[in-house]
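Take a look at the structure below.
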Amino acid sequence: MIEIQSLTKRYRDFTAVDDVTFTARPGRVTGFLGPNGAGKTTSMRVMVGLTPPTSGSALILDRAFTDLPNPGREVGVLLDASAQHAGRTGREVLTIAARTMGLPRQRVDEMLDRVSLTEHEAGRRVRNYSLGMRQRLGIAAALLGDPSVLILDEPANGLDPAGIRWMRDLLREFADDGGTVLLSSHLLHEIEVIADDIVVIGNGRVVAQGTKDELLAAGGTLVRAADPAALLAALQAAGLKARAGAAGVVLAEAELPVVGRAAFDAGIALTELRAADGAGLEEMFLALTAESQRDHLSPGSTSNGAAA
Amino acid sequence: MSATTVTSQPTARPAVRRERAVHAPIPFRRLVSVEWRKMFDTRSGFWLLVAIAALAVIATGATLVFGNRDNLGYGSFASAVGVPITVILPVLGALSVSSEWGQRTALTTFTLVPSRGRVIAAKLVTVVTVGLASLVVALAAGAVGNLLNGAIIGHAPLWDVSWRTILQIVLVDQIGMLMGFMLGVLFRSSPGAIVGYFVYALVLPGVSGALASAQQWWADHAAWFDLRTASIPLYDSGVTGQEWAQLGVATLIWLVLPLAIGLRMLMRSEVK
């Protein structure tokens, strides 16, 4: 259980985390979704005591992280898989963590096995690891103390599709066992496939939260035609509430047959007509991303964010 | 990382995790043993320690080969092995702290042990222990050299350094090592700490010397403010009460005060 209460972190004239409140519950995977720079990492760093909050509180298992007597045994943390001494071997990294927590030596082998790092790979220095291998090592370190809470910042970064699937199964199993999982991502699709609950954050503020089903249900109808502007005008002329979405999509708050009929009456050939599952969430997320977007994406490339 | 690793065993498991055990706090001696391990398990740490042993042997050998054998006493050997040690120990002290930030392992270290003070204290214990061990090795190498010299020239080796002086030299070297440690705490960056140390060790004495030659007051009182000047009497046998006081004041100014400031900053800083 992770309880974040009115958490705020302010730097001089910049508010990185602004009055964030949410709860990650046991038995569930909570996805912490937001574009880069939204405040996900800062929030997580405050949770584990690396950054002092300006105000508000973060309780893990009913206590502040810094009050846990042996935190590694209760909370598995992976904030940055690259933050390891490049000159240590993977096995040595885990051995140091295991010793700090007071765990037996064979626990290191169990975890290497669990994350599928071979004997040979474990004996190499972290400097020679791919990002995917570092992530696996980081997950191994997080699971080492057999914790009941996991806090993972962008854990799927650098994993190949099989690796992402593996991680999804691992986190699912962990949550089904009664564990609490909080993982962050800037990729909507990644969160969609793993999380039960979603907290969306943008510019330091929580902009939406709820179960995945709730957030994905709010949709309506997604419709597409060769000329989106004409389609939008036609739907609005028919008295439907409709608006333009990203990438030439039109979103209408009406049933599929009604929207299809309205387009037909206006003589517009549709190229796509379907229930907009999650389109609302995607819209919101894209709007958030657009504000802090550095490179402007061309329309059409927006819905493939998860192809990492 | 083949696809075969993807599947998880479909074993029957209880729906709810068992009641969590209450975990004991991490004992301090475990932190010390972990810090000790971290000092040796990287190439830089390992080779610095190898270098200490190697340089002690080389310095002893060089003294034996190039020195004027008839006049050689333990003092010559001790000062020969002491020079490389006084350079390396502060670097080791600085790296023990700064590498956590340089390599960003502080992220892991302080999530496993949120009490930063305990981690730094464990590092301090480790650094002082390693420093003492290195000095024992170096002084022993010097002693072997002195015995060899005695055997070569055919009469009893000259033991011209008192125990008291040896302990004083150990103290000076430990202060030097702690200067490195302090700079590591203060800068939390390896290049910063090491450059800082060499500025302190090589540049400041020159400045102080220049000041002393220009100004009589400084020449008379430098030992109160200049740790180097204050350390010089410790290489000889008779240290007066005033000289001890000067060493204490200078250590307070150069070591204790900045260390306190550095620790305070380290406790409150964000770990990135």
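The values are calculated or read from the model by the stated rules, or taken from the named source; none is laboratory data. Computed from a predicted structure; not experimentally measured. Quick reminder, even Gly has a Cβ in these numbers, built from the backbone with ideal geometry, and neighbours come from all protein chains shown.
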- prompt: If A:Pro52 satisfies every condition in (1) within 13 Å of chain B (Cβ to nearest Cβ); (2) at pLDDT 95 or above; (3) more than 26 Å from B:Ala21 (Cα to Cα) but one, which is the exception?
  reply: (2)
Check on A:Ser303, hydroxyl-bearing (Ser, Thr, Tyr), part of a helix (DSSP H, G or I) and at pLDDT below 75: yes
statement: Considering region B:112-138, residues that are among the hydroxyl-bearing types (Ser, Thr, Tyr) and part of a helix (DSSP H, G or I), and then whichever is farthest from the other protein chains (Cβ to nearest Cβ), we arrive at B:Ser134
- prompt: Is one or more of the residues making up region B:65-72 polar (S, T, N, Q), over 18 Å from the mean Cα position of the chain (by Cα) and surrounded by 17 or more Cβ atoms within 10 Å (Cβ to Cβ)?
  reply: no
Of all residues making up region B:39-57, the number that are surrounded by 18 or more Cβ atoms within 10 Å (Cβ to Cβ), more than 15 Å from the chain's Cα centre (by Cα) and either of a type outside the set (A, V, I, L, M, F, W, C) or not in a helix (DSSP H, G or I) (or both): 1
field: Residue within region B:211-218 that is touching a residue at least 24 places away in the same chain (Cβ under 8 Å) and either out of contact with any Ser or Thr (no Cβ under 9 Å at 6 or more places or on another chain) or among the hydrophobic types (A, V, I, L, M, F, W, C) (or both) present
entry: no
- line: Counting only residues that are assigned to a strand (DSSP E or B) and at pLDDT below 85, region A:247-300 contains a total of 5
query: What about A:Arg63, is it within 21 Å of B:Ile26 (Cβ to Cβ), among the basic types (Lys, Arg) and within 10 Å of chain B (Cβ to nearest Cβ)?
result: no
Helices (runs of 4 or more DSSP H) lying entirely in region A:74-178 (those with 3 or more residues that are buried (at least 21 other Cβ atoms within 10 Å of the Cβ) and facing chain B (nearest Cβ under 9 Å)): A:90-101, A:131-143
- request: Enumerate the pairs (first residue in region B:56-76 and under 20 Å from B:Ser162 (Cβ atoms); second residue anywhere and among the small types (Gly, Ala, Ser) and outside any helix (DSSP H, G or I)) with beta-carbon separation below 9 Å, excluding pairs fewer than 6 apart on the same chain, so at least 6 apart or on different chains.
  value: B:Ser76/B:Gly67
- request: Specify which of the listed residues (A:Leu50, A:Leu33, A:Leu59) is surrounded by 15 or more Cβ atoms within 10 Å (Cβ to Cβ) and closer than 17 Å to A:Asp197 by Cα.
  value: A:Leu33
task: Would you tally the residues in region B:1-38 being at pLDDT 90 or above and either of a type in the set (Ser, Thr, Tyr) or more than 30 Å from A:Asp62 (Cβ to Cβ) (or both)?
output: 6
- request: Just need a number here: residues in region A:228-246 that are more than 27 Å from the chain's Cα centre (by Cα) and assigned to a helix (DSSP H, G or I).
  value: 10
- line: Those residues of region B:85-96 that are crowded, with 24+ Cβ neighbours inside 10 Å and out of contact with any Ser or Thr (no Cβ under 9 Å at 6 or more places or on another chain) come to a total of 2
task: Would you list the strands (runs of 3 or more DSSP E) that sit entirely within region A:1-49 and hold 2 or more residues that are touching a Gly at 6+ places or on another chain (Cβ under 6 Å), on the phi < 0 side of the Ramachandran plot and in contact (Cβ under 8 Å) with a residue 40 or more places away in the chain?
output: A:2-11, A:14-24
